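Peer 1: Okay, handing you the structure first.
What follows draws every value from the coordinates through simple rules; no lab data is involved. On a predicted model such as this, the values are computed, not experimentally measured, just so you know. Note: ideal-geometry Cβ built from the backbone for every residue, glycine included; neighbour counts use all protein chains shown.
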Amino acid sequence: MKFYGFWRSIASFRVRTALAYKGIKPDEVIDIDLLQGKQRDEAYRKVNPQMLIPALFEDDKSPMLFQSMAIMEYLEETRPQPPLLPKDAFGRARVRGLSQIVVSDAHPMSVPRVRGYLTKDLGLSEERMLTWVRHWQSEALSALETHLSRDKTTGKYCHGDAVTIADICLAGQVVGSGFFKTDMKPYPTVMRIFDACMVLDAFAKSHPLKQPGAPEKV
Ligand SMILES: N[C@@H](CCC(=O)N[C@@H](CS)C(=O)NCC(=O)O)C(=O)O
């Protein structure tokens, strides 16, 4: 298995955590340095035409797997134990819905290509761009907090007492929000679940700041 990622990438953190949770260790991990814009190099464009990480290859003959949600679902289908989705359809829909608040609605607002477009193409100051990022992060965190604090299906983790893809997405949202110094005080349920996740080995060792080349803090 070959995994393309980068320490700072929250989408890579999601897939890295799912791999670790399922006890899968890629044979090869290739860093695509987002801070140097390496995702746009011709060599990586040939791997993933969208010029985004993560990407995963099962083996030399497998197709390129792309988009973190699709990759996590692929891992769940091919390695069902330990599960990352509930058994019932309502539960799976809730877990996917919580995940999509992060993956579809919030995360895209803060990725390098969007931040670069806001500052370089549209001329926003760094401060205004950060206000944009924090705004969309707060919207997602607020939606997660409301869901998680009012739903009876919330348990130790986002859905009951077993880790799911929603917890992986929540953890990425919290770590990503930390990178941009978004205020986390209004989200106690999100933070309670984050803390419960981060004591688990799969989450702790997959943390962006625990990866080779990462700084001690950002
Ligand atoms: N929806 C995608 C998002 C992938 C994504 O945006 N990855 C970021 C890093 S977290 C990236 O490669 N950004 C490069 C860029 O914005 O130029 C997924 O979940 O995999």
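Peer 1: Mind telling me which of V199, V15, V133 comes out most flexible in a GNM of the chain, alpha-carbon contacts under 10 Å?
Peer 2: V199
Peer 1: Dipole size in debye (nearest 20) for the chain around its Cα centre, Lys and Arg Cβ +1, Asp and Glu Cβ -1?
Peer 2: Charge dipole, the chain, about its Cα centre: 240 debye, nearest 20.
Peer 1: Another one. For H135 and A93 in the same chain, what is the full-extension length gain: residue separation times 0.36 nm, less their Cα-Cα distance, in nm?
Peer 2: Computed gain between H135 and A93 is 12.5 nm.
Peer 1: Give me the distance in nm between label points sitting 7 Å out from Cα along the Cα-to-Cβ direction at F180 and H207, one decimal.
Peer 2: Once both label points are built, they end up 2.1 nm from each other.
Peer 1: Can you give the FRET efficiency to the nearest 0.05 for K152 and Q81, using r as the Cβ-Cβ distance and R₀ = 25 Å?
Peer 2: Given R0 = 25 Å and the Cβ-Cβ separation, E is 0.40.
Peer 1: How large is the helix-only mean residue ellipticity at 222 nm for the chain, computed as the sum of -39500 (n - 2.57) over DSSP H runs with n ≥ 4, divided by its residue count, in deg cm²/dmol to the nearest 500?
Peer 2: Theoretical 222 nm ellipticity from helices: -14000 deg cm²/dmol.
Peer 1: Another one. For the chain, build the charge dipole from Cβ charges (+1 Lys, Arg; -1 Asp, Glu) around the Cα centre, then report which of M129, M109, L170 sits farthest towards its positive end.
Peer 2: M129
Peer 1: Among D105, D121, D167, which one shows the biggest mean-square fluctuation in a GNM of the chain, springs joining Cα atoms closer than 10 Å?
Peer 2: Fluctuation is largest for D121.
Peer 1: Quick check: the distance between the Cα centres of the range 140-196 and the range 51-103, to the nearest angstrom?
Peer 2: Using only Cα atoms to place each centre, the spacing works out to 19 Å.
Peer 1: With unit charges on the beta carbons (Lys and Arg positive, Asp and Glu negative) and the dipole taken about the Cα centre of the range 1-160, which residue among A89, M1, A70 sits farthest to the positive side?
Peer 2: A89
Peer 1: Per q in 0.16, 0.25 Å⁻¹, report the Debye log10 I(q)/I(0) for the range 2-82, using one uniform scatterer on each alpha carbon and no solvent.
Peer 2: The Debye formula, applied to the Cα set alone, gives -0.55, -1.30.
Peer 1: Set the Förster distance to 30 Å, then compute FRET efficiency between S62 and K38 from the Cβ-Cβ distance, nearest 0.05.
Peer 2: In this case the efficiency is close to 0.85.
Peer 1: In addition: Which trypsin sites (Lys or Arg not before Pro) does the range 57-96 hold that lie in a coil by DSSP with at most 12 other beta carbons within 10 Å?
Peer 2: Taking the range 57-96 and a limit of 12 other Cβ atoms within 10 Å, the loop trypsin sites (Lys or Arg not before Pro) found are K61, K87.
Peer 1: Largest first and in whole Å, what are the equivalent-ellipsoid semi-axes of the range 49-194 based on the Cα gyration tensor, each being the root of 5 times an eigenvalue?
Peer 2: That gives 27, 23, 10 Å for the three semi-axes.
Peer 1: Which three extents, in whole angstrom, do the alpha-carbon atoms of the range 90-154 cover along their principal axes, largest first?
Peer 2: Sorted largest first, the three principal extents are 45, 18, 11 Å.
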